[in-house]
Structure formats: C-alpha cells, structure tokens
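The next block holds one structure in the form of structure tokens; read it before the comments.
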Amino acid sequence: MAELSTALKPGFGRKSLPADPVNSAKRASPTQTAPAAQMLENAATAAARANPARQAGFKDLMWAAVWGGGGAAVTIATYQAAVSQGGGHYTVAYGAMAVGAFRAIRGAFRLATG
C-alpha cells in the first residue's frame, strides 16, 4: 500500500482520504450530490427527446441483425446437417437474409439522415 500512496500525485496520498469513505458519503449534503442528480436528470430528458427517426434506425438495425443472423444460422445449420450425412439437401434462407439486408440499409439511412 505504501507504493500506491507514493505513486499518487502530491497531495493525494493516504492522509487526504477520509477514514470512513462510506459513511462520509452518506453524510454528504444535498448540495454536494446535486450535480450528479442533475446529470442523471439531464440524461433522462435527453433520451426522452431523442430523434424518432434515429430511434427507428436503431430498431431497424437490431431487427436486421435478428433476421439476417437467423437466416444465416438456418442456412449454416442445415448445410452442416447435410454434410454430416454425406450429402443431401439443405435450406438457404435467402428470404430472411434479404429482409435483414433491407432493414440494415433502411436503418443505416435513417441513422444518417435522422
């Protein structure tokens, strides 16, 4: 611990720390905690006022990952099953992948213009 306190900047050694940091934080006055509460309130109101077009873009990108990833997963799983049986038929879920690609393009456009 001595190495840590000597590595700190001058004035920030062990002597400048409160003896009981948990209880000293509990005894903090409302004026000392007001900046943190104000920051949280500002973040909440900013999220509430977020641009609806950007929100739709993020939602489109999320669904693009679901559709595209699901289509790719079905294609890979059925291909692996066909290969493990020595050949056969497998499913290419191009519809799901196409929907995913469309939603990705639309989501990127909405993010860029929103």
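The values are calculated or read from the model by the stated rules, or taken from the named source; none is laboratory data. As the structure is a prediction and not an experimental result, all values here were calculated from the model. Positions of Cβ are backbone-derived with ideal geometry, glycine not excepted, and every protein chain shown enters the neighbour counts.
Name the residues in the range 21-75 that are at pLDDT 90 or above and aromatic (Phe, Trp, Tyr), would you?
Matches in the range 21-75: 63, 67.
How many residues are within 25 Å of residue 55 (Cβ to Cβ) and assigned to a loop (DSSP other than H, G, I, E, B) if we restrict to the range 66-114?
1
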